[in-house]
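The values are calculated or read from the model by the stated rules, or taken from the named source; none is laboratory data. Owing to the predicted nature of the structure, the values given are computational and were not obtained by experimental measurement. Note that each Cβ is placed from the backbone with ideal geometry, even for glycine, and that neighbours are counted across all protein chains shown. Just so you know, the surface numbers come from the protein's heavy atoms only, side chains and all, with ligands and any DNA or RNA stripped out. Shrake-Rupley method; radii C 1.70, N 1.55, O 1.52, S 1.80 Å.
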Amino acid sequence: MSANVYDILMERGLIKQASHPEETRELLANERVTFYIGFDPTADSLHIGHYVVLMTMAHMQRAGHRPIVLLGGGTAMIGDPSGKTELRRMLTQQDIDRNAACFRKQMERIVSFEGENGAIMVNNADWLRPLNFLEFMKEVGTEFTVNRMLAAECYKMRMQSGLTFFEMSYMLMQSYDFLMLNRRYGCVLQMGGDDQWSNMLGGVDLIRKKERKPVSCVTTGLLVNSEGNKMGKTERGAMWLDPDKCPVYDFYQYWRNIPDADVETCLGMLTFIPMEEVRALCAEGGAALNEAKRVLAFALTEQVHGTEAAQRAQQAAEALFCGGGDISHMPTIELTAQDAERTGLRVVELLVLGGLCKSNSDARRMIASGAVFCDGDKITDINARLDESRLAGGVILKKGKKGFVRVLAAK
């Protein structure tokens, strides 16, 4: 008998809270369930935080359950106040449509939109935009008390700065989403990030009151390290799934260099590698964890960007750290004549141009601290320039132990 997907998600660290755990576990064992996860299309790429809940979707689908990807085309125009300290910028319909198309392309790498239990993508704007305010408040607003809503964690951060009624309606809207998906598609389970717990409970309560149906919700915890800090941030920003926002090499190297204490957690939550293999990889600890990190970096990069991109990233890393591989695949900036003239080939400015430092002052600090190298030689002069004659073949700038960029003249 195959394992219950609820137990699989628990074992892999992908369940944080559940409204009705035993009931949900039994349901998933005995029925083909339709479930949904919501995504507000507020950017033109998903990031690694979204990827955690995408993994729950993928595991559920592989177990035979049917996913609904709910795009928040309507709620995105309001803005979820959860975890926010200020009102979010409202999006145009063009923004939302463009972002939704990008989401689907990224999701298709691990979630199928074909077949009997293929995922379907719907937009809550379809039912939220035509709403009549008075009818909505009569049907939904009467089921929520202000006292309970104000006690919800998602509103507490905004109470001091000013929580608008516009934002406060987000819980009602998200709960209504679940109700509509239940009526239209027989959806009985909502899944999502743990920051949505209060909103998700609202939807469960609404359906149980109005429809008298046994629906439930399950949350996935944030991806955090052993010290409790959120993972997926680099000096260059968030770990986006779009290679134009986060280069594949940087994505690979982030996971290749995570702390030892976080390897097993990331393998469990972010890959499909069986947990017995994960435990075996991490069992010895010490130097053996280096291989586990290599497996993690390649597996996750392959899932997100494809096999060829993962191989190129791995080869570039080996070229830098092991003396093998293909140097052409490492992060590279090709300097035009205009770039060369503008920067004067000063190392400070090239560090910024290559994304290794945030600013010229940051670059000067790195040089002064002895953390910058050019082709293995330490740079000690903050006014140092590259030799133009060497740029045809390229030189490698290094910052610290993990930051590299190849600089060469454009052909």
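Please report the relative contact order for the chain, taking Cα pairs under 8 Å with a sequence separation of at least 6, and give it as a percent rounded to a whole number.
15
Whenever you get a sec, compute what percent of the accessible area on the chain sits on carbon and sulfur atoms (1.4 Å probe).
50
First check a/c for region 1-66, with a ≥ b ≥ c the square roots of the eigenvalues of its C-alpha gyration tensor; if it is under 1.5, answer rounded, and if not, answer prolate when a/b is larger than b/c or oblate otherwise.
Taking the square roots of the gyration eigenvalues as a ≥ b ≥ c, region 1-66 is prolate.
Please give the contour-minus-distance gain from I333 to E277: 0.36 nm per residue of separation, less the Cα-Cα distance, rounded to one decimal in nm.
Separation in residues times 0.36 nm, less the Cα-Cα distance, equals 16.3 nm.
Based on the mean of other Cβ atoms within 10 Å per residue, sort peptides 339-345, 213-219 so the most packed one is first.
Order by mean packing, descending: 213-219, 339-345.
With the cut-off at 1.5 for a/c, could you classify the chain from its C-alpha gyration tensor as rounded, prolate or oblate?
Prolate, because a/c is 1.5 or more and a/b exceeds b/c.
Which of A319, L91, H59 sits closest to the plus end of the dipole of the chain, meaning its Cα is farthest towards the positive end, when Lys and Arg get +1 and Asp and Glu get -1 on the C-beta?
L91
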